[in-house]
Amino acid sequence: MLEHKICCIIGHPVAHSLSPIMHNTAYKALGLNYIFLPFDVTDLKSAVTSIKNLGIVGCAVTVPHKIKVMKYLDKIDETAKKIGAVNTIINLKGTLTGLNTDWSGALDALKEKTELAGKNVALIGAGGAARAIAYGLKQEAAYVTVFNRNKGHGKELVKDLHLDSYIPLKESTKLDGFDIVINAISVGLESRQSPLTKKSLNQKQVVFDIVYFPRMTRFLKAAKEVGCSIITGDRMLLHCVKRQFELFTGKRIPVEILEDAIC
Ligand SMILES: NC(=O)c1ccc[n+]([C@@H]2O[C@H](COP(=O)([O-])OP(=O)(O)OC[C@H]3O[C@@H](n4cnc5c(N)ncnc54)[C@H](OP(=O)(O)O)[C@@H]3O)[C@@H](O)[C@H]2O)c1
């Protein structure tokens, strides 16, 4: 019998994650002897040691571990270093390297709906995902204003990635001057809360909520009612997983196979 190669996702919570169904469907579609498992992890250091000890070949990293996990890895690639967050770990003969596919996943999702060069972007959040998106937006020459609850985190992100400005989250009631509004805070995850209301938005805007559980968040429902062009968080996830799949297996997978897995 052929030995399975094991990949996984670590996070807390992790039960909502669509990564296992997408990766496992893709392995099956290409006839690969891989399996992808979800692990709800609170002891991060032990979990990272286990990746080495158990010979797990690839690991996705999700909330709340993307920043803290960096200190337990052997190497961090240059882009992930600049972003300051890791969402993917590759185990090459016992050496764990941290990478980031969130930034390219978010850009691919945005580019399905809009140009980015010269656009004014309101980025809500300053956590690991927001940092990755901000990095990607800067590569595309967009202007980025960060709105965040914690002033220190918001200002640090603006300084680290040379963004345009920081505004406290409670002042995000009017976003008229922005072409694109992106929600990258955890509010919405398993909750009925929305970070913004209809009054903050106008119909010319592209509104992207990276939270994908539920797929149509309250924020996106509000944006749709206003007449905005909306992007659901699963578009980012699809493109992130596509890239992770390539990193874990060395093979390409058509995005349609991943779409079918979660439709
Ligand atoms: N679609 C995708 O592919 C994708 C990819 C990555 C992440 N995500 C989703 O994006 C979200 C953020 O992920 P992350 O990795 O960036 O998490 P993170 O590093 O833990 O950052 C959390 C962010 O949310 C803010 N926040 C948390 N609770 C809040 C509250 N009650 N009120 C206001 N702000 C609050 C934090 O603000 P403070 O700085 O003030 O604490 C911070 O900006 C998660 O829901 C995750 O599932 C989706």
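May I ask you to list pairs of residues, at least six apart or on different chains, whose Cβ atoms are under 8 Å apart, with the first in the range 42-63 being assigned by TED's automatic domain parsing to the domain that holds residue 131 and the second being open to solvent by less than 20 Å² (accessible area, probe 1.4 Å) and modelled with pLDDT of 95 or more?
none
Scan the range 35-56 and tell me whether some residue there is under 17 Å from the mean Cα position of the chain (by Cα) and over 30 Å from residue 163 (Cα atoms). Outline the logic, then answer.
Just the residues of the range 35-56 that are under 17 Å from the mean Cα position of the chain (by Cα), to begin with: 38.
In the following step, the residues that additionally are over 30 Å from residue 163 (Cα atoms) were identified as 38.
Yes: the range 35-56 contains one or more residues that are under 17 Å from the mean Cα position of the chain (by Cα) and over 30 Å from residue 163 (Cα atoms).
Here are the criteria: (1) of a type in the set (A, V, I, L, M, F, W, C); (2) more than 12 Å from the ligand (Cβ to nearest atom); (3) out of contact with any strand residue (DSSP E or B) (no Cβ under 8 Å at 6 or more places or on another chain). Tell me which single one residue 137 does not satisfy.
Residue 137 satisfies all of (1) of a type in the set (A, V, I, L, M, F, W, C); (2) more than 12 Å from the ligand (Cβ to nearest atom); (3) out of contact with any strand residue (DSSP E or B) (no Cβ under 8 Å at 6 or more places or on another chain) except (3).
Could you give every pair whose Cβ atoms fall below 9 Å, whose first residue belongs to the range 181-202 and is in the same structural domain as residue 109 (by TED's automatic domain parsing), and whose second residue is modelled with pLDDT under 65 and within 13 Å of the ligand (Cβ to nearest atom), counting only separations of at least 6 or pairs across chains?
Going by the 9 Å Cβ cut-off, the qualifying pairs are 187/193; 194/188; 195/188.
Starting from residues that are away from the ligand (no atom under 16 Å from the Cβ) and touching a Ser or Thr at 6+ places or on another chain (Cβ under 7 Å), keep the ones in the range 201-259 and report whichever is most open to solvent (accessible area, probe 1.4 Å).
Once the filter is applied, the top-ranked residue is 257.
Within the range 15-34, work out how many residues are buried (at least 19 other Cβ atoms within 10 Å of the Cβ), hydrophobic (A, V, I, L, M, F, W, C) and under 17 Å from the mean Cα position of the chain (by Cα).
2
Scan 129, 122, 109 and give me the residue that is closer than 30 Å to residue 55 by Cβ and touching a residue at least 40 places away in the same chain (Cβ under 8 Å). Lay out the reasoning, then the answer.
Details: 122 fails: closer than 30 Å to residue 55 by Cβ; 109 fails: closer than 30 Å to residue 55 by Cβ.
Only one candidate passes the filter, namely 129.
Looking only at the range 36-68, which residues are open to solvent by less than 10 Å² (accessible area, probe 1.4 Å) and within 16 Å of the ligand (Cβ to nearest atom)?
36, 44, 59, 60, 61
Counting only residues that are surrounded by 14 or more Cβ atoms within 10 Å (Cβ to Cβ), among the hydroxyl-bearing types (Ser, Thr, Tyr) and assigned to a loop (DSSP other than H, G, I, E, B), which one in the range 140-188 is nearest to the ligand (Cβ to nearest atom)?
Filtering the range 140-188 for residues that are surrounded by 14 or more Cβ atoms within 10 Å (Cβ to Cβ), among the hydroxyl-bearing types (Ser, Thr, Tyr) and assigned to a loop (DSSP other than H, G, I, E, B), the one nearest to the ligand (Cβ to nearest atom) comes out as 186.
Among (1) without any contact (Cβ under 8 Å) to a residue 24 or more places away in the chain; (2) closer than 26 Å to residue 3 by Cβ; (3) open to solvent by 80 Å² or more (accessible area, probe 1.4 Å), there is one condition residue 81 misses while meeting the rest; what is its number?
Tallying (1) without any contact (Cβ under 8 Å) to a residue 24 or more places away in the chain; (2) closer than 26 Å to residue 3 by Cβ; (3) open to solvent by 80 Å² or more (accessible area, probe 1.4 Å), residue 81 fails exactly one: (2).
For the range 115-125, indicate whether the set of residues that are modelled with pLDDT of 95 or more and assigned to a helix (DSSP H, G or I) is non-empty.
no
The values are calculated or read from the model by the stated rules, or taken from the named source; none is laboratory data. In this text the structure is predicted, and so the values were computed from the model without any measurement. Here Cβ is always computed from backbone atoms with ideal geometry, including for glycine, and neighbour counts include all displayed protein chains. We work out accessible area using only protein heavy atoms, side chains counted, and drop any ligands, DNA or RNA first. Shrake-Rupley method; radii C 1.70, N 1.55, O 1.52, S 1.80 Å.
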